[in-house]
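Below is one structure; the comments refer to it alone.
The values are calculated or read from the model by the stated rules, or taken from the named source; none is laboratory data. Worth saying up front: this structure is predicted, and the values here are computed from it rather than measured. For neighbour counting, all protein chains shown are included, and Cβ atoms are generated from backbone atoms with ideal geometry for every residue, glycine included.
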Ligand code: GDP
Ligand code: MG
């Protein structure tokens, strides 16, 4: 990990998108600070958080952007998407509607972002198996059809969060290094 003043070889912008309350901010808190909070304050202020990691002996700074409560349809501005090389497209496995909205988010993303953008479909809250409303098969099938990576995560249990970001960042690295 690079400390203050250490050299950074690459900075990759990655955006988090998806409906409100699917867990975007907690996924980011888990990845950037290894933290999780169960009380659902809406995201305030901070535009992005960073974490520096090493990929292929290079220092890569991931700059992860989180929406500040602009999750209504078409409310996310083009500045948010500008320069993004990767995206986590997040739904909540216990909220069918958040999965049904994924095509819209994908359309918006593809309309605004880099044409080579690396996209990971993320079904969050996998710890709530007994409340599941979206099958893994449905999501996998959608991801394959749309050429997206796919993982189910739990920000609460720290399941697959690291894996999701690592996959996206390594793939970006392959394309842009
Ligand atoms: P956002 O609006 O998409 O940023 O969602 P938040 O990150 O604010 O999370 C919304 C609510 O879901 C909060 O109460 C979180 O604590 C909760 N939450 C987020 N991730 C998980 C998870 O993996 N499992 C469970 N059980 N709850 C989660
Ligand atoms: Mg949030």
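May I ask you to verify whether residue 109 is within 16 Å of the chain's Cα centre (by Cα) and assigned to a loop (DSSP other than H, G, I, E, B)? Write out each step before concluding.
On the way: within 16 Å of the chain's Cα centre (by Cα): yes; assigned to a loop (DSSP other than H, G, I, E, B): no.
In short, no.
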Selection status of residue 137, exposed (fewer than 13 other Cβ atoms within 10 Å of the Cβ) and either touching a helix residue (DSSP H, G or I) at 6+ places or on another chain (Cβ under 6 Å) or in a helix (DSSP H, G or I) (or both): yes
Taking the criterion of being modelled with pLDDT of 90 or more, surrounded by fewer than 21 Cβ atoms within 10 Å (Cβ to Cβ) and in a strand (DSSP E or B), would at least one residue in region 24-39 satisfy it? no
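In contact (Cβ under 8 Å) with a residue 40 or more places away in the chain, at negative phi and within 16 Å of the chain's Cα centre (by Cα): is that true of residue 152 in this structure? Steps first, please.
Details: in contact (Cβ under 8 Å) with a residue 40 or more places away in the chain: yes; at negative phi: yes; within 16 Å of the chain's Cα centre (by Cα): yes.
So residue 152 fits the description; yes.
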Does residue 121 satisfy the condition of being in contact with a helix residue (DSSP H, G or I) (Cβ under 8 Å, 6 or more places away or on another chain) and under 14 Å from residue 13 (Cβ atoms)? no
